[in-house]
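Structure first, then comments.
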């Protein structure tokens, strides 16, 4: 039965991909009735309201000698804000005018939980400076809206704040405190995972049954059903996803290794308009011809942008792609570990707003995120199966992907679920591009503080941010687990 169904899917996928979009979209209209679902409205429903806001407060000279920053240094030129009441927020960060200027110094904040009187201890905000962001020669990297920025810090629901900033050298101009309220997610994004998974499983079962029962139906309707079974990412190529949106769950389901491999020939091959030529590895490092068997790990479950409540109105429209994916850079978000996994969508919405509205990026910087419970989230928009150009590893965003683990892992060890999630995600995504997770990748530097622009650099296929830029990211404790992730990822691909 499995072989028969797989064969049918392959045939019908080929059929739908041969259709022009104008024909494929009407074909999707047959899907709801075939699945026994109610007909969708002819017009797309309005975008749900996603509350959320950012307060931007200019810093002032820190002139109160009773509040000296300490450390035995001269606090002349320090800036900050004394305790004050503000509208509710959950994440803080500091930005400044010149994105090329570095903030070398100490940034500390303390906050008051909403509705309470007690203030937190002082917390350090990581001044990661230029190490994250788009490559300089890209449209995003040269954007006029770009700001210099610290890492964001998750502090939870708060309505009071105090901040102090001391520089080891003159501070950048235009320092502002950003207080981000993530807002509440749309109602459909707050379903419990159990409810969502049950509904999705029911839909998948119904879809499979419908596919088997309708093999003698029209080619277009059958093709649409096949794509429904393959998941939202693949369906998008024929415009079917838009038609299925009113019925879809807010996550992309996991697929078995066999089903994942089956989709490979039908994935779109998107490229950036002027993608640079791929760097070639030295002759002695050239890998032998790939084996006939595709080494692709099973596709893990991925919570979509809709699932974590991304407001699609605030990012730039359209998508930008790179040529391929040769390496995965692992990061930590440096937002702290004081969140529950149930709060992870709020953390993501906060980082998203901070990246776009405070830092001036076109979208969320990372391609994927992983919370400390091992849940995987879609990051930058453009399709989880596509080579979306991110803004995660300055100088090496081209032909790579970025995975941010939510948290700070300089001194705290990442949970085992995090390492497993990174391994499963890379086994699938690197596998789509024929990459061995235990192998090497050669990338051309777009410019940074470790490698000059234009130089070809050898990386592990699963690398840490610090491998491409002088930074502590992804934290020593997470970095130390990347060897385990490489070994596990290769095993998930079916390699020995």
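None of the figures in this text is laboratory data; all of them are computed from the coordinates on show. Please read these numbers as outputs of a predicted model, since none were measured by experiment. Please note: Cβ atoms are built from the backbone with ideal geometry, for glycine as well, and neighbour counts cover all protein chains shown.
Values for this structure:
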read-out	value
Least to most buried among 90, 120 (fewest other Cβ within 10 Å first)	120, 90
Residue-span extension gain [residue 53 to residue 139] - 0.36 nm each, minus C-alpha spacing	28.4 nm
Mean Cβ count within 10 Å, highest first, over the residues of peptides 161-170, 373-382	373-382, 161-170
At R0 = 22 Å, FRET efficiency that the Cβ-Cβ distance of residue 254 and residue 491 yields, to 0.05	0.85
Burial ordering of 293, 386, fewest other beta-carbon atoms within 10 Å first	293, 386
Mean separation of Cα contacts under 8 Å (6+ apart) over length of segment 53-187, as relative contact order %	44 percent
Kirkwood-based Rg to Rh ratio, segment 360-452, C-alpha trace	0.96
Protection proxy ranking, peptides 434-444, 308-318, 463-473, average beta carbon neighbours within 10 Å, highest first	463-473, 434-444, 308-318
Neighbour-count ranking [beta-carbon atoms within 10 angstrom, fewest first] of 411, 481	411, 481
Relative contact order, percent, segment 283-492 [alpha-carbon distance under 8 Å, six or more residues apart]	27 percent
Segment residue 413-residue 98, extension gain: residue separation times 0.36 nm, minus the distance between their alpha carbons	110.0 nm
Global form of segment 283-492, assessed from the alpha-carbon gyration tensor, a/c cut-off 1.5	rounded
